[in-house]
1. Taking TYR29 as the residue in question, decide whether it is of a type in the set (Phe, Trp, Tyr), in contact (Cβ under 8 Å) with a residue 60 or more places away in the chain, surrounded by fewer than 20 Cβ atoms within 10 Å (Cβ to Cβ) and not assigned by TED's automatic domain parsing to the domain that holds ASN112.
2. So GLY55 fits all but one of (1) part of a loop (DSSP other than H, G, I, E, B); (2) under 20 Å from CYS152 (Cα atoms); what number is the exception?
3. Give the residue that is surrounded by the fewest Cβ atoms within 10 Å (Cβ to Cβ), with candidates limited to residues of the range 97-147 that are β-branched (Val, Ile, Thr) and more than 16 Å from ASN32 (Cα to Cα).
4. Of all residues in the range 38-50, how many are in contact with a Leu (Cβ under 7 Å, 6 or more places away or on another chain) and farther than 12 Å from CYS152 by Cβ?
5. Just give me the residues in the range 1-20 being buried (at least 20 other Cβ atoms within 10 Å of the Cβ) and not β-branched (Val, Ile, Thr), in sequence order.
6. Going by the conditions given, is PHE88 within 18 Å of ASP7 (Cβ to Cβ), within 20 Å of the chain's Cα centre (by Cα) and not acidic (Asp, Glu)?
7. Does THR85 fit the bill of being in contact (Cβ under 8 Å) with a residue 12 or more places away in the chain, more than 16 Å from ASN26 (Cα to Cα) and polar (S, T, N, Q)?
8. Run VAL73 past the list (1) more than 23 Å from GLY174 (Cα to Cα); (2) not in a strand (DSSP E or B) and report the number of the one that doesn't hold.
Amino acid sequence: MVTIVVDRKRIEAEEGMPLLKACLDNGHYVPNLCYLESSERAAACCRLCFVEIEGQDQPVASCCVPVRNGMTVRTDTPPVRQLQTTAFRLLLSVHDVDCKNCPANRQCALQNIAVFLKIGLKPKPFTRRLKEPAIDTVHPCLDYYPNRCVLCGRCVEVCRREGKRSELTFTKRGFNTVVGYFDRPGGVRQDGGQCRACIESCPVGALTLKGGVLDRPGETRKTRPHHGHLSRDLQLRPRLRPIPPEVKMKKVLIGFLIIAVSVALLSGCGYNQLQQLEENVFRGWGDVDSTLQSRAT
């Protein structure tokens, strides 16, 4: 084990391991899409995992840098954030942001990264450029959504490793690049729907079983079994916790109270009127609590 400094904190890591893994294992989140812990070599194609290393002139992709003793690393400098933000917005410029109709909603790596970088899911200042057709249904087991795909290569890598022969690959070039499959004389493996390694590894729900679902009947994205080596990889992304309904309603009431008091002060209301307004709002707060409790019972 060697000692390195990440964001002014000393951590211990195995010498030679990817710097990105060392950061993630020690609670220093670095945005990433293409990294697979079990992969022999880093793809480095998402261009999101930039960090600054003392002694180097410019930020580097942390998935490609081996840990060595005495390194000093910064993950949150302005140049790093600028590179990550630009790369992320470029990804969004070729991404169909339709979260409510996407099976990966609330489990999507893009949503998590957008929250982390504090930017929206709009491609500004870039023009959105989508591919045709929106759904590729040629594969006998899978449906592929090219406008969801971020071309991270995770599905290609795990298919090659799990299936003992590569079934998926990148096809075409430039903005037209998509994930395709090999149409061999012997045909495509028909057990792809049972394996599902490629579906499990996709961070954005671009691959689904025929019928547009990620899961088998009775399963959910949280309860279905993961491949052993993939479950750890999927946990490297931060998860968004759903906001309870009572918290949402109370936030609305607090916002209403602030606006109402501001308007009342501007219109010259007295102290008694302000106190009555506050009582009405908190009475509504109590009604929300009682309603939610009755629903729970």
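The values are calculated or read from the model by the stated rules, or taken from the named source; none is laboratory data. Fair warning: this is a prediction, and the values are worked out from it, not measured in the lab. Neighbour counts run over all protein chains shown; Cβ positions are idealised from the backbone, glycine included.
1. Yes; evaluated as a whole, the condition is true for this residue.
2. (2)
3. THR127
4. 1
5. Those that are buried (at least 20 other Cβ atoms within 10 Å of the Cβ) and not β-branched (Val, Ile, Thr): ALA13, PRO18, LEU19, LEU20.
6. No: the conditions fail for PHE88.
7. So THR85 passes the test.
8. All conditions pass for VAL73, except number (2).
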